[in-house]
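Below you'll find the structure, written out as structure tokens, and then a few comments.
The values are calculated or read from the model by the stated rules, or taken from the named source; none is laboratory data. Nothing here was measured: the structure is a model prediction, and the numbers come from that model. A quick note on method: Cβ atoms are made from the backbone with ideal geometry, for glycine too, and the neighbour counts reach across all protein chains shown. For accessibility, only protein heavy atoms count, side chains too; no ligands or nucleic acids. Shrake-Rupley method; radii C 1.70, N 1.55, O 1.52, S 1.80 Å.
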Amino acid sequence: MSIGNHPFIEFAGLMNEYITACRAAHAKGIDFTQCNVHNGQTLPLHPVMSNYINEKLECIFSGAKVLEASETA
């Protein structure tokens, strides 16, 4: 908080959520390194996680539509 850049704080939260999702996938035997748009595999996310991630993206990129709802499902 001392740097005075709130979006940066949100980005740190976004990274932590990604790490949490990767750990959960790994625990289920999913190779999270292959979960991306280029490989066509999705990183499994609990709906609460998706909402949290979208909230962080909205704060960081304020008003920009980063992901459509169908892409986050």
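A few points about this structure:
- Residues in the range 29-52 that are farther than 17 Å from H6 by Cβ and touching an Asp or Glu at 6+ places or on another chain (Cβ under 7 Å): M49 only.
- In the range 8-27, of all residues being open to solvent by 50 Å² or more (accessible area, probe 1.4 Å) and not hydrophobic (A, V, I, L, M, F, W, C), the one that is nearest to I53 (Cα to Cα) corresponds to Y18.
- Hits in the range 1-17 (condition: part of a helix (DSSP H, G or I) and without any contact (Cβ under 8 Å) to a residue 12 or more places away in the chain): F8, I9, A12, M15, N16
- Within the range 28-57, the residues that satisfy the criterion of being among the β-branched types (V, I, T), open to solvent by 60 Å² or more (accessible area, probe 1.4 Å) and either part of a loop (DSSP other than H, G, I, E, B) or touching a residue at least 40 places away in the same chain (Cβ under 8 Å) (or both) are V37, T42.
- Flag if A64 is part of a helix (DSSP H, G or I) and either closer than 29 Å to G4 by Cβ or at pLDDT 90 or above (or both): no
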